[in-house]
1. Would you rank Arg233, Arg132 by solvent-accessible area, highest first, keeping every protein chain in place and using a 1.4 Å probe?
2. Round to the nearest 10 and report in Å² the accessible area of Ile4, as given by a 1.4 Å probe over the protein chains' heavy atoms.
3. Do any cysteines of the chain lack a neighbour Cys whose Cβ is under 4.7 Å away, and which are they?
4. What accessible area per residue comes out for region 252-343, rounded to a whole number of Å², with a 1.4 Å probe?
5. Post the alpha-carbon centroid distance, region 277-320 to region 1-52, in whole angstrom.
6. Show the residues, 5+ positions off or on another chain, whose built amide H is closer than 5 Å to the amide H of Val57.
7. Where nothing but the Cβ of Lys and Arg (+1) and of Asp and Glu (-1) is charged, how large is the charge dipole of region 13-248 around its Cα centre, in debye to the nearest 20?
8. When a/c is below 1.5 the answer is rounded, else prolate if a/b is larger than b/c, else oblate, so apply that to region 121-268 with a ≥ b ≥ c taken from the square roots of the Cα gyration tensor eigenvalues.
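The values are calculated or read from the model by the stated rules, or taken from the named source; none is laboratory data. As the structure is a computational prediction, the values presented were derived from the model and not from experiment. Reconstructed Cβ throughout: ideal geometry from the backbone, glycine too, with neighbour counts over all protein chains shown. When the accessible area is computed, the model is the full protein with side chains, heavy atoms only, and any ligands, DNA or RNA have been set aside. Shrake-Rupley method; radii C 1.70, N 1.55, O 1.52, S 1.80 Å.
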Amino acid sequence: MELINLRSDTQTLPTEEMLEAIRHAALGDDTYDEDPTVQEFEARAADVLGKEAALLVLSGHMGNLTALMTHARPGDEVLLDPESHIFYYEVGSLASVAGLMPKPVPSHHGMIEPTDLREAIRKRNLHYPVPRLLCLENTHNRSGGRAVSLELHRELCGIAREHGLAIHLDGARVFNAAIRHGVSAADYAAEVDSVMFCLSKGLSCPLGSVLAGSKDFIAEADMRRKRLGGGMRQAGIIAACGLVALEKMIDRQADDHDNARTLAKALNEIPGLSVDLSSVETNMVYVDHSASGVSTDEVLARLRKAGVLASARPPRHFRFVTHRHIDAAIVEEALSRVRKAMES
Ligand code: TLP
């Protein structure tokens, strides 16, 4: 039995067209600025986001960390949601590598309240770290992939600007947010100084992410990326996939959202499981298994035995993420396997 892999959209494999593009890509040493495919890709990525320049990086984490280190200096304060990926998952690199001081601004279901942001920005005082940067995340992973509206995004950015803060958007899945709200990723990017998006998630590339911003910002970020060990050689093999992704993989993610919705509604009917349907806005489904009376690890083990892979969000949840390899028929098959697993 072939496993149905719903752990993450990071599990997607490159398309045939991507593999062909790798085969034919013109390559050079990117550390010498001599890889034409990287140059073409970075220009195209900047264009898609409406930014002056872009930089190919190895991962979303590297893109976020490079941005943090470019915007701020050790000891500076970064305002961010404690449920954000940068705070919650990135191995403490915010503090241990960038040397920055986090100022948590809790969100509610992924949405930071404008009044909470205002209150979190402290007046300059000799005793406080210097507030330098606001980090936003859209879509918001730990709230179930919710998509912050352009209106709220603009309001939060406006407050940050009033107080002289720079703004970085962790837009690992910014295209999902844009699809959800019927706007463009460039609309979100226009409000921020830097934005990171991932090629390696719903866009189906094997690896890579992009950091975009002004020309000066990206020139500075290039140096920080190198400092992190992210200077690359024939990186055109990644960029070649990225070019295919930008052309072919963005709009198709609307199907992932539809499949997530179908999955969520049916999961909500399975005894022992429940889904807050209002949280299912893009390609993620957070499933509350607490009524089943078993631990998250045990539920995951039963799902695996039945042929479905999920990721753990203990103590009450597991997460499914839809992506290119999950079509409507596979959703149905996954549901029948989950039903079987929960009966056992
Ligand atoms: N998210 C992964 C896990 O790390 C949780 C996933 O499966 O969802 N920002 C956001 C919002 C992310 O969700 C992720 C990865 C990253 C940054 C980091 O990207 P990578 O894994 O490329 O370093």
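1. My answer, sorted largest first, is Arg233, Arg132.
2. Here the accessible area works out near 10 Å².
3. Flagged as lacking a Cys partner: Cys135, Cys157, Cys198.
4. Counting only protein heavy atoms, the per-residue value for region 252-343 is 43 Å².
5. If you average the Cα positions of each part, the centres end up 31 Å apart.
6. Ser209, Val210, Leu211
7. I would put it at about 640 debye.
8. It comes out oblate by the Cα gyration axes.
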